[in-house]
Amino acid sequence: MALATDNTQGMSWHRTATSRFLDKGFFWLTAAFGIGVGIILLAIAFQVGRDAIPSIQKFGLGFLTATRWNPVEDIYGAWTQIYGTLVTSFMALLLAVPVGVGVAIVLSEDFLPPRLQKPLVFMVELLAAIPSVVYGLWGIFVLAPLLQGPAMWFYKTFAGVPVLGSLFSTPPTGRGVYIAGIILAIMILPIISAISRDALVAVPLELRQAAYGLGASRWETLFRVIIPAAFSGIVGGVMLALGRAMGETMAVTMLIGNSSNPSPSLFAQGSTISSLLANQFAEADGLQVSSLMYAALVLFGLTLLVNILAELLVSRVKLKM
Amino acid sequence: MTPNLESALQTDTVFRTDNLDIYYGSFKAVRDVTMEIPKNAITAFIGPSGCGKSTVIRCFNRLNDLIKSFHIDGKIFYKGQDLYASDVDPVEVRRQIGMVFQKPNPFPKSIYDNIAFGPRLLGYKGDMDELVERSIKSAALWDDVKDKLKSLGTDLSGGQQQRLCIARAIAVQPDVILMDEPCAALDPISTLKVEDLLQELKENYTIVIVTHNMQQASRSSDYTAFFNVQANEKGQRTGYIVEYDRTEVIFQSPKHKATQEYVSGRFG
Ligand SMILES: Nc1ncnc2c1ncn2[C@@H]1O[C@H](COP(=O)(O)OP(=O)(O)O)[C@@H](O)[C@H]1O
Ligand SMILES: [Mg+2]
């Protein structure tokens with residue numbers, strides 16, 4: 001008995017006040033940060049929503065489908081910009097997902113000797129560090145001239161094709177939706193490949209061994225086990241990239257042409273919601289500001305929608321596997 | 001090799017190794033393995049950690065090929081065929097020689113898809129539902145999972161996961177099942193279930209099992225190889241087989257003192 005009491009005293013069951021205070025303090029600090037982020041998000045949404053009210057009252061949901069953005073007559077509709085946002089982002093994904101996931105696979109398997117692989121991984125990540133205005137400049141001076149020839153060929157070859165031809169129905173100029181889409185693809189490539197690579201590398205070695213042990217080849221292992229196991233991580237990367245593509249402003253504004261004329265053609269000059277905001281906010285007042293806020297709200301909503309769809313996709317696929 | 005072992009082995013030999021040395025780079029992990037593994041029996045590998053049991057068992061299905069620095073000297077024959085001959089496809093080998101690992105490693109897929117994984121790889125044309133059911137039943141797991149074949153294999157308990165992995169290995173109808181400490185991560189009751197399962201499986205399969213558990217080796221196996229490890233002058237610790245014989249001989253009348261000490265728990 002005596003021994004037992006001695007023991008408890010010796011082992012100091014009681015933590016010091018400082019230690020307990022730190023524990024509690026840490027909890028409240030992190031809780032405050034977490035709640036703070038939520039509050040900031042709600043505050044922005046609230047502010048934007050409030051400022052958009054006059055425009056919402058005037059144009060209603062028709063704002064989403066009307067193609068006229070006319071500050072002179074004070075009539076606003078954002079379809080051209082919504083279309084521009086969706087098309088450039090979709091084009092960016094279409095180009096960047098296969099390449100980005102491919103890069104991630106090459107850099108996660110042991111295809112390359114480590115001495116080559118490590119610098120490559122680093123360089124891909126460095127792509128994400130280039131400021132977007134530099135991408136814009138590079139697009140103007142390098143990419144646009146380079147694409148002029150191929151774009152012209154596309155225009156001449158496909159413009160007459162029914163349905164699909166409408167995507168190529170105007171002659172390409174030095175600016176346009178397609179250049180913005182391609183520059184976006186390059187900008188989001190490192191996001192997709194870096195996050196996908198992390199997801200692939202994180203798949204436990206045991207799963208790989210299990211597949212090999214059942215007589216799967218390297219490719220079967222990769223496509224039936226490793227990629228499915230990393231799928232939610234890859235989708236997460238793609239969604240982050242899509243969010244970036246939809247919100248990217250500077251490079252797109254420099255390259256897209258900033259035209260509010262509706263056209264389905266990729267070669268036409270156009271605008272996105274972000275480029276519209278960047279272009280017009282400085283000189284806007286009254287209903288125009290309110291309409292810009294409305295457009296911002298739409299972008300907000302689009303991003304949210306994309307994220308919800310991604311969540312649904314991931315949970316669906318998880319159940320199926 | 002001892003005479004009584006030889007006569008037992010005359011029945012049928014699945015693996016035969018001939019002066020096998022196994023290296024990781026310049027490090028000789030195991031030396032001089034010369035042994036025969038008989039058909040439809042359970043052969044246990046015992047010995048202290050790091051003596052190369054896993055290394056040897058992974059040679060039998062060429063899983064070590066995944067390790068770049070790995071290479072062997074000497075030969076391993078599987079039913080008379082040189083397993084490491086240049087025209088042997090390791091993927092083909094692993095389809096005939098299944099493996100169960102120390103840590104249960106079900107795929108993050110449904111129970112059904114875990115079992116169907118191997119047969120699908122092989123392009124199995126028969127009744128998949130029937131094959132899945134049969135495989136799960138042979139792994140004594142049917143009653144646990146028959147109502148939830150669509151739920152995730154990774155949601156099962158550790159013992160159930162390990163039996164799922166055994167079922168998954170059985171589903172490709174291999175000749176041999178290699179098990180590397182299959183019960184190391186299991187509770188005693190799950191362990192007993194797996195041991196019972198071993199006895200049923202040996203009717204149809206040849207089993208090689210690495211175990212740290214002396215009782216498991218003496219209870220379950222027909223033959224036992226005792227591995228030990230010895231440091232050379234450069235400090236490299238190389239494993240080797242001290243003694244390989246019928247399990248009762250290893251546990252009751254071993255020829256080597258080291259074996260005697262190890263199986264009685266005075267060592268390692
Ligand atoms: N992939 C590897 N690369 C280098 N050395 C290894 C590797 N795997 C195992 N070894 C070494 O080989 C020896 C035998 O290991 P192992 O076969 O795992 O022993 P056991 O399974 O008997 O505990 C150990 O010294 C271990 O460090
Ligand atoms: Mg081991």
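The values are calculated or read from the model by the stated rules, or taken from the named source; none is laboratory data. Bear in mind the structure is a predicted one, so any value in this text is a computation, not a measurement. For neighbour counting, all protein chains shown are included, and Cβ atoms are generated from backbone atoms with ideal geometry for every residue, glycine included. Accessible surface is based on the protein model in full, side chains and every heavy atom, while ligands, DNA and RNA are left aside. Shrake-Rupley method; radii C 1.70, N 1.55, O 1.52, S 1.80 Å.
Looking at region A:173-192, is at least one residue closer than 30 Å to A:Phe122 by Cβ and within 14 Å of chain B (Cβ to nearest Cβ)? Give the derivation first.
Looking only at region A:173-192, we keep the residues that are closer than 30 Å to A:Phe122 by Cβ, and these are A:179-192.
With within 14 Å of chain B (Cβ to nearest Cβ) added as a condition, the list becomes none.
No.
Take region A:143-168 and flag every residue that is without any contact (Cβ under 8 Å) to a residue 12 or more places away in the chain and either more than 28 Å from the chain's Cα centre (by Cα) or open to solvent by less than 80 Å² (accessible area, probe 1.4 Å) (or both).
Of everything in region A:143-168, those that are without any contact (Cβ under 8 Å) to a residue 12 or more places away in the chain and either more than 28 Å from the chain's Cα centre (by Cα) or open to solvent by less than 80 Å² (accessible area, probe 1.4 Å) (or both) turn out to be A:Gly149, A:Pro150, A:Trp153, A:Lys156, A:Thr157, A:Phe158, A:Ala159, A:Gly160, A:Val161, A:Pro162, A:Val163, A:Gly165.
Looking only at region B:60-67, decide whether some residue is touching a helix residue (DSSP H, G or I) at 6+ places or on another chain (Cβ under 6 Å), away from ligand 1 (no atom under 16 Å from the Cβ), open to solvent by less than 40 Å² (accessible area, probe 1.4 Å) and within 14 Å of chain A (Cβ to nearest Cβ).
No, there is no match, as no residue in region B:60-67 is touching a helix residue (DSSP H, G or I) at 6+ places or on another chain (Cβ under 6 Å), away from ligand 1 (no atom under 16 Å from the Cβ), open to solvent by less than 40 Å² (accessible area, probe 1.4 Å) and within 14 Å of chain A (Cβ to nearest Cβ).
For region B:99-126, give me each residue that is touching a helix residue (DSSP H, G or I) at 6+ places or on another chain (Cβ under 9 Å) and among the charged types (D, E, K, R). Working first, answer last.
Residues of region B:99-126 that are touching a helix residue (DSSP H, G or I) at 6+ places or on another chain (Cβ under 9 Å), as a first pass: B:99-122, B:124, B:126.
B:Lys103, B:Lys109, B:Asp113, B:Arg120, listed by residue number.
Only residues that are more than 10 Å from chain B (Cβ to nearest Cβ) and touching a residue at least 24 places away in the same chain (Cβ under 8 Å): list them for region A:217-229, please.
Scanning region A:217-229 gives A:Leu222, A:Ile226, A:Ile227.
Within region A:117-131, can one find any residue that is over 25 Å from the mean Cα position of the chain (by Cα), in a helix (DSSP H, G or I), within 14 Å of chain B (Cβ to nearest Cβ) and within 27 Å of A:Pro204 (Cα to Cα)?
Yes, some residue in region A:117-131 is over 25 Å from the mean Cα position of the chain (by Cα), in a helix (DSSP H, G or I), within 14 Å of chain B (Cβ to nearest Cβ) and within 27 Å of A:Pro204 (Cα to Cα).
What helices (runs of 4 or more DSSP H), lying completely within region B:136-209, carry at least 2 residues that are more than 16 Å from B:Phe101 (Cα to Cα) and either within 16 Å of ligand 1 (Cβ to nearest atom) or open to solvent by 30 Å² or more (accessible area, probe 1.4 Å) (or both)?
Correct list: B:142-145, B:188-201.
B:Val229 - would you say it is in contact (Cβ under 8 Å) with a residue 60 or more places away in the chain and open to solvent by less than 60 Å² (accessible area, probe 1.4 Å)?
Values: in contact (Cβ under 8 Å) with a residue 60 or more places away in the chain: yes; open to solvent by less than 60 Å² (accessible area, probe 1.4 Å): yes.
So B:Val229 passes the test.
Residues of region B:223-268 being part of a strand (DSSP E or B), β-branched (Val, Ile, Thr) and under 15 Å from B:Met35 (Cα atoms), which ones?
B:Thr224, B:Ile241, B:Val242 - these are the residues of region B:223-268 that are part of a strand (DSSP E or B), β-branched (Val, Ile, Thr) and under 15 Å from B:Met35 (Cα atoms).
A quick yes/no check of all residues on (1) among the small types (Gly, Ala, Ser); (2) more than 15 Å from ligand 2 (Cβ to nearest atom); (3) away from every other protein chain (no Cβ under 14 Å):
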position	(1), (2), (3)
B:Tyr205	no, yes, yes
B:Thr211	no, no, yes
B:Ala225	yes, no, yes
B:Asn232	no, yes, yes
B:Gly235	yes, yes, yes
B:Gly239	yes, no, yes
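Given (1) in contact with a helix residue (DSSP H, G or I) (Cβ under 7 Å, 6 or more places away or on another chain); (2) modelled with pLDDT of 90 or more, where does B:Gln96 come up short, assuming only one miss?
With respect to (1) in contact with a helix residue (DSSP H, G or I) (Cβ under 7 Å, 6 or more places away or on another chain); (2) modelled with pLDDT of 90 or more, B:Gln96 is out only on (1).
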